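Comments concern the structure below.
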Amino acid sequence: MMDNIPPKVQNQIAQFQQLTQQIQIVTTQKIQLEAQVRELEKTVEELEKAAEDAVVFKNAGSLLIQVKDRAALVTELKEQKETTEVRVKTLDRQDKHLRERHKSLQDQITQALQGPAVAAPKPESDSG
């Protein structure tokens, strides 16, 4: 089937497929980061609700380490949340840009495969 498609259109189709994959990757990353933001919000909320004398631990790789300075931990978590939110916004912009390019390419491919929608009438030659 690809034999009768011009090389330019074949190239556009390949780009279209790459964009589709990129959109899927960005969407997956965005979903993961949004989940991280929600988790950080919940963690900070629970930490702020906990009694002052409650023993608090934090992850350090595969270890749990007891935290002595709770206020510093809350600050660290809030900063981590802000950084993650910035990354989500960046991915949002990237997603929007990719989807615009994707739509544009889709339109170009569709137009190329359908051929010219309305051919202009050919001028008649005066041979008389």
task = Inspect all residues belonging to the range 44-54 and state whether any of them is more than 30 Å from residue 113 (Cβ to Cβ), within 16 Å of the chain's Cα centre (by Cα) and of a type in the set (D, E, K, R).
result = no
query = Can you tell me which residues in the range 80-110 are of a type in the set (A, V, I, L, M) and closer than 21 Å to residue 9 by Cα?
reply = 98, 105, 109
task = Take the range 1-19 and flag every residue that is surrounded by fewer than 14 Cβ atoms within 10 Å (Cβ to Cβ) and either among the β-branched types (Val, Ile, Thr) or in contact (Cβ under 8 Å) with a residue 12 or more places away in the chain (or both).
result = 6, 8
query = Do the conditions hold for residue 43, that is, is it polar (S, T, N, Q), in contact (Cβ under 8 Å) with a residue 60 or more places away in the chain and in contact with a helix residue (DSSP H, G or I) (Cβ under 7 Å, 6 or more places away or on another chain)?
reply = no
inquiry  = Test of understanding: among 26, 44, which residue is of a type outside the set (Asp, Glu), surrounded by 12 or more Cβ atoms within 10 Å (Cβ to Cβ) and under 18 Å from residue 81 (Cα atoms)?
reply    = 44
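For every residue, the table says whether it meets (1) surrounded by fewer than 14 Cβ atoms within 10 Å (Cβ to Cβ); (2) closer than 30 Å to residue 5 by Cβ; (3) modelled with pLDDT of 95 or more.
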{"position": "39", "(1), (2), (3)": "yes, no, yes"}
{"position": "51", "(1), (2), (3)": "yes, no, no"}
{"position": "77", "(1), (2), (3)": "no, no, yes"}
{"position": "100", "(1), (2), (3)": "yes, yes, yes"}
{"position": "109", "(1), (2), (3)": "no, yes, no"}
{"position": "118", "(1), (2), (3)": "yes, yes, no"}
inquiry  = Suppose we filter the range 34-87 for residues that are in a helix (DSSP H, G or I) and aliphatic (A, V, I, L, M); how many remain?
reply    = 11
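The values are calculated or read from the model by the stated rules, or taken from the named source; none is laboratory data. Given the structure is predicted, the values throughout are model-derived calculations rather than measurements. Ideal geometry is used to build each Cβ from the backbone, glycine not excepted, and the neighbour counts take in all protein chains shown.
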